[in-house]
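Structure provided below as structure tokens; questions to follow.
Throughout, read-outs are computed from the coordinates displayed, never taken from laboratory work. Here the structure is a predicted model, which means the values were calculated and not measured. Positions of Cβ are generated from backbone atoms using ideal geometry, with glycine treated the same way; all protein chains shown enter the neighbour counts.
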Amino acid sequence: MNSLLLLSQPLSKFWRSQSIRYVRWNSSSKARWLGRQRSDSFTREAKVLGLRSRAAFKLQQIDDKVQLFKKNASQRVLDLGYAPGAWSQVALERTGSTGVILGVDILPCSPPRGVSSIQANVLARKTHELIRLFFSKHFQLYQEDQLHKDHGYFQHMLEEELMFLKQQNAINSDGSVIEDTPIDVIISDMYEPWPQTEGFWNNFTNSAYDRMANTTGIAIKDHSMSMDLCDAALVAAIDLLKPGGSFVCKLYTGKEDQLLENRLKQVFRDVQRFKPSASRNESKELYFIGLGKKKNVNKLDVFLN
Ligand SMILES: C[S@@+](CC[C@H](N)C(=O)[O-])C[C@H]1O[C@@H](n2cnc3c(N)ncnc32)[C@H](O)[C@@H]1O
């Protein structure tokens, strides 16, 4: 009995001290995070301006530097990994009333008013076909229809449309031409998943959140996973961007930066690296910009060289 008591006292003290240490660590890191959010001028300003996240300022600063967007020039913009939609808001505002903005994200998200969206994985080939169809035919997407609720966008028509494309040699039933490269600007901020808030019922994507790349804090891992997403965005640019078109993608920097830059140089006349001041100093994120897409780019040459 005595020995048990003797044992239990130091043990309970030990666990108490551990849990206190744990609680303290937890609360201080939370306090640090909250403090950073509160004192971050970009976060506060985004809230005041009704922007969906502080990421908006990064795209604004990129656009101020290289003029991706042109007002009322009927630009078509593809926003890869658009959720929650701050970049799409900037693209919409800067392209004016004639701009057409399509956001693609693997997670379900309601796009900002005036922006269209599809929920799809950018790594899938079918997603490219959907994007091409959207810009060529100006599909009207409705958030609230039953079909979308039950199956997600386009699921009912995808196979038929793809077959049709092949059979009809890229002519729509209304006579309009399905353009191979219909897009003026592709922007990609793909990486950390936006917290999923809806759409858990959707059989196609209900485990999407688990499959997402999230920042790990391990630089090499973040770098290699973001390289894969940049490659996917670049493939989309080769397949879908008009000659002369512009491109932006986010990379977590690391040893393969140069490889990505070399690939971009094969696709674009002008390639630049840029870290906007709205990107936190401690973050390893960096933006690559490609301007003036070259004609007749061969995908294999880009990735095999
Ligand atoms: C940092 S958030 C984008 C923030 C957005 N630019 C904004 O301004 O609101 C990155 C997004 O990329 C998306 N994403 C990551 N991998 C993807 C993939 N393979 N296909 C589609 N979206 C992807 C995530 O779901 C997440 O919502």
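Of the listed peptides 232-238, 275-281, what is their order by residue-averaged count of other C-beta atoms within 10 Å, with the highest listed first?
Working: 232-238: 22.6, 275-281: 14.7.
For the peptides 232-238, 275-281, the packing ranking is 232-238, 275-281.
Grab the Cα-Cα distance for Q272 and T43, subtract it from 0.36 nm times how many residues apart they are, and report the gain in nm with one decimal.
Numbers: separation 229, 0.36 × 229 = 82.44 nm, distance 2.64 nm.
Extra length from Q272 to T43 when fully extended: 79.8 nm.
Give, to the nearest whole percent, the P(r) tail of the range 211-274 beyond 15 angstrom, counting all Cα pairs.
Result for the distance tail: 51 percent.
Find the Cα radius of gyration of the range 50-142, compare it with 2.2 N^0.38 Å by division, and give the number to two decimals. Mind showing how you got there, number by number?
Working: Rg = 12.7 Å, N = 93, 2.2 N^0.38 = 12.3 Å.
That works out to 1.03 for the range 50-142.
Set the Förster distance to 25 Å, then compute FRET efficiency between F303 and K65 from the Cβ-Cβ distance, nearest 0.05. Intermediate values should be presented prior to the final figure.
Values: r = 28 Å, r/R0 = 1.11.
For R0 = 25 Å, the calculated efficiency reads 0.35.
Okay, next question. How far apart, in nm, are the 7 Å Cα→Cβ label points at I220 and K294?
With each label placed 7 Å out from Cα toward Cβ, I get 3.3 nm.
Which order do the peptides 217-226, 99-108, 49-58 take when ranked by the mean count of other beta-carbon atoms within 10 Å per residue, highest first? Walk me through the numbers on the way to the answer.
Details: 217-226: 15.6, 99-108: 23.7, 49-58: 19.5.
Going by the mean number of other Cβ atoms within 10 Å, highest first, we get 99-108, 49-58, 217-226.
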